[in-house]
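Step one of this worksheet: look at the structure below.
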Amino acid sequence: MQREVMQYDVLIVGGGPAGLACAIRLKQLAARRDVELSVCLIEKGAEIGAHILSGAVFEPRALDELLPEWRESADAPLNTPVLEDRLLFLTAKRAYKLPIPPSLENGGNFIISLGNLCRWLAKQAEALGVEIYPGFAAAEVLYDESGAVRGVATGDMGVARDGTHTDNYQPGVELHAQQTVIAEGCRGSLSKELIARFKLAADSEPQVYGLGIKELWEIDPALHHQGRVIHTLGWPMDAATYGGGFLYHLEDNQVYVGFVVGLGYRNPYLSPYEEMQRYKTHPALRDTFTGAHRIAYGARAISAGGLQSLPKLSFPGGVLTGDAAGFLNVPKIKGSHTAMKSGMTAAETVFDVIRYKEGREATQYRTRMRKTWAWEELYVARNFKPAFRWGLFGGLAHAALEAYVFKSGAPWTLQHHDADHQRLKPAARSERIEYPSPDGELTFDRLSSVYVSNTQHEENQPCHLRLREPARAIDVNLAQYDAPEQRYCPAGVYEILRDEGIPRLQINAANCVHCKACDIKDPTQNIDWTVPQGGDGPNYPNM
């Protein structure tokens, strides 16, 4: 069967804040200049917002620029302004209140569901004429005869696990465009290919990542403090391991609780999921969940390298934007506003390329980004994450020196030396971590958590988690690192089974919540995360 071909001026891959901001800005520019511009946005989730996960305390600066009238909109889902900030240092039994650094002052910000904000932004984009197609997973980059990107192809539907076509088979669709905007989020399969093919990271330092794990709870109204934001550092991480937690009180007696672990951790026995469950048991937190009910669960990786790790942002036929490029402000613990600004700047650049026929590459995108407040934020924040190579206290001391002595104007730039997958120590030189069993009320096992993430995958389809060399899973990962994929995956996708004493790796792809931790942390980069059938994966409500 032949693929259908659809032609647009601009194709956007990804319905997160960067992609939607890009789409809206493109249509605004077209209306302002009175030109026709066809814009299509595709999203792998079953609906816009289905795969969106963030803390999220949202800074509205980019939204104010994009849609200044949003505050007068009755349905804009920004209902809970931040009223109180707390920063706590945790030991195993105690919590010590710390002064709030400038980067964590949240006056004027909102506690939101980023998924709901994206659903609302999608309505604004559609009202402007953007064509939005959820449930379409971009599976393949298409190139023209010159080697430039000419668009993407969505994955075939109705392909069986063995590669044969079922009765429901439908070929993917080719989407061609003058410019393709890659806004698929952290460690996307297309952006990974493009970065390698066009050597976009040749002049940048290794990207480093964090894994964020989050739950939504409905709690006792007597324990609810709408607008309160709590960030923590210290326990349960040791002083050598990067990580921290949060507790955000949004509306309707609900709270977000979560924990982020830097994926550069050394001990292969560490489990980010178990650390997050243990985190909730701290005396400063656990009373919040008395009589409470867990509603939802999710996990995702975040690009945390900052300015030093930004790749080249343009390539022939398109650009990278949002977390696909790495526009997270780590000390702020925020990236949605900078992602939106990058999407808006990408839109302005590719619009001019198309309008003035300036060739196939939006070469001015990075130059324009350098003139924005988002770039200035990343420049000021550039040393925060790499300073934690000296451990928790060294990183905090450096952050205080920069903030209070140099006033965010330090004359040096620290570097990221290693990629996260290079940092694991062999199991024989590591201390095994014994985690407590879940109690089913405050702490839970991974499978029950996957259940409340509303994750669904068609069982009879090719596995979207591919091993480059299957033997490596046993010969290297198990032999040297005691199969760390069993622990770094927050969804129970990977397990070691033994058939008559012979070990093998079992991949439970139906559990996957699309966090990408496996693609990032596998010590030999043997696991390749690709998109499953369109619409499959988690379906996050209010996350």
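Residues of region 349-365 that are surrounded by fewer than 18 Cβ atoms within 10 Å (Cβ to Cβ) and outside any loop (DSSP other than H, G, I, E, B): D352, R355. Residues that are surrounded by fewer than 19 Cβ atoms within 10 Å (Cβ to Cβ), of a type in the set (D, E, K, R), in contact (Cβ under 8 Å) with a residue 60 or more places away in the chain and assigned to a loop (DSSP other than H, G, I, E, B) are absent from region 405-414 altogether.
Scanning region 174-204 for residues that are of a type in the set (G, A, S), touching a residue at least 60 places away in the same chain (Cβ under 8 Å) and within 19 Å of L310 (Cβ to Cβ) gives A183, G185, G188, S191, A201, A202, S204. Out of I195, I213, one residue alone is in a strand (DSSP E or B) and either modelled with pLDDT of 95 or more or open to solvent by 10 Å² or more (accessible area, probe 1.4 Å) (or both). It is I213. Checked against the criteria, F110 counts as aromatic (F, W, Y) and buried (at least 19 other Cβ atoms within 10 Å of the Cβ). The condition of being buried (at least 17 other Cβ atoms within 10 Å of the Cβ) and aliphatic (A, V, I, L, M) holds for only one of I100, I132, that being I132.
Residues that are open to solvent by 50 Å² or more (accessible area, probe 1.4 Å) and not charged (D, E, K, R) within region 79-90 comprise N79, P81, L83, listed in sequence order. Among the residues of region 145-173, the ones that are within 17 Å of G318 (Cα to Cα), open to solvent by 30 Å² or more (accessible area, probe 1.4 Å) and in contact (Cβ under 8 Å) with a residue 12 or more places away in the chain come to 2 in all. Of all the listed residues (A76, A18, A50), the sole one being open to solvent by less than 30 Å² (accessible area, probe 1.4 Å) and assigned to a helix (DSSP H, G or I) is A18. In this entry, G258 is excluded by the filter for residues that are modelled with pLDDT of 95 or more, closer than 14 Å to G55 by Cβ and open to solvent by 10 Å² or more (accessible area, probe 1.4 Å). Hey, does region 425-440 have a residue that's part of a loop (DSSP other than H, G, I, E, B), surrounded by 13 or more Cβ atoms within 10 Å (Cβ to Cβ) and at pLDDT below 95? Looking for residues that are part of a loop (DSSP other than H, G, I, E, B), surrounded by 13 or more Cβ atoms within 10 Å (Cβ to Cβ) and at pLDDT below 95, one finds none in region 425-440, hence no. Scan region 272-291 and tell me whether some residue there is small (G, A, S), open to solvent by 30 Å² or more (accessible area, probe 1.4 Å) and over 24 Å from V493 (Cβ atoms). Yes, region 272-291 contains at least one residue that is small (G, A, S), open to solvent by 30 Å² or more (accessible area, probe 1.4 Å) and over 24 Å from V493 (Cβ atoms). Per the listing E126, E140, the residue uniquely within 26 Å of the chain's Cα centre (by Cα) and part of a strand (DSSP E or B) is E140. Of the strands (runs of 3 or more DSSP E) lying entirely inside region 249-320, those containing at least 2 residues that are among the hydroxyl-bearing types (S, T, Y) span 293-303.
Within region 498-543, how many residues are among the acidic types (D, E) and within 24 Å of A153 (Cβ to Cβ)? Final tally of qualifying residues: 3. Scoring L63 on the criteria (1) under 25 Å from E215 (Cβ atoms); (2) open to solvent by less than 10 Å² (accessible area, probe 1.4 Å); (3) not aromatic (F, W, Y) leaves a single failure, condition (1). Of the strands (runs of 3 or more DSSP E) lying entirely inside region 465-531, those containing at least 3 residues that are surrounded by fewer than 19 Cβ atoms within 10 Å (Cβ to Cβ) are 494-499, 502-507. For region 82-123, residues that are assigned to a helix (DSSP H, G or I) and farther than 28 Å from L378 by Cβ total 1.
Consider region 371-401 and keep the residues that are under 23 Å from the mean Cα position of the chain (by Cα), open to solvent by 20 Å² or more (accessible area, probe 1.4 Å) and of a type in the set (K, R). The one that is modelled with the highest pLDDT is K385.
Of all residues in region 143-163, those satisfying the criterion of being at pLDDT 95 or above and farther than 26 Å from A50 by Cα are Y143, D144, E145, S146, G147, A148, V149, R150. Residues being of a type in the set (F, W, Y), touching a helix residue (DSSP H, G or I) at 6+ places or on another chain (Cβ under 8 Å) and either touching a residue at least 24 places away in the same chain (Cβ under 8 Å) or at positive phi (or both) are represented in region 242-256 by at least one member. For W120, the conditions (1) closer than 30 Å to T281 by Cα; (2) aromatic (F, W, Y); (3) buried (at least 17 other Cβ atoms within 10 Å of the Cβ) are fulfilled apart from (1).
The values are calculated or read from the model by the stated rules, or taken from the named source; none is laboratory data. What you see is a predicted model, and the numbers here were worked out from it, not measured in a lab. As a convention, Cβ positions derive from the backbone with ideal geometry for all residues, glycine included, and neighbour counts pool all protein chains shown. All accessible areas refer to the heavy atoms of the entire protein, side chains included, with ligands and DNA or RNA removed. Shrake-Rupley method; radii C 1.70, N 1.55, O 1.52, S 1.80 Å.
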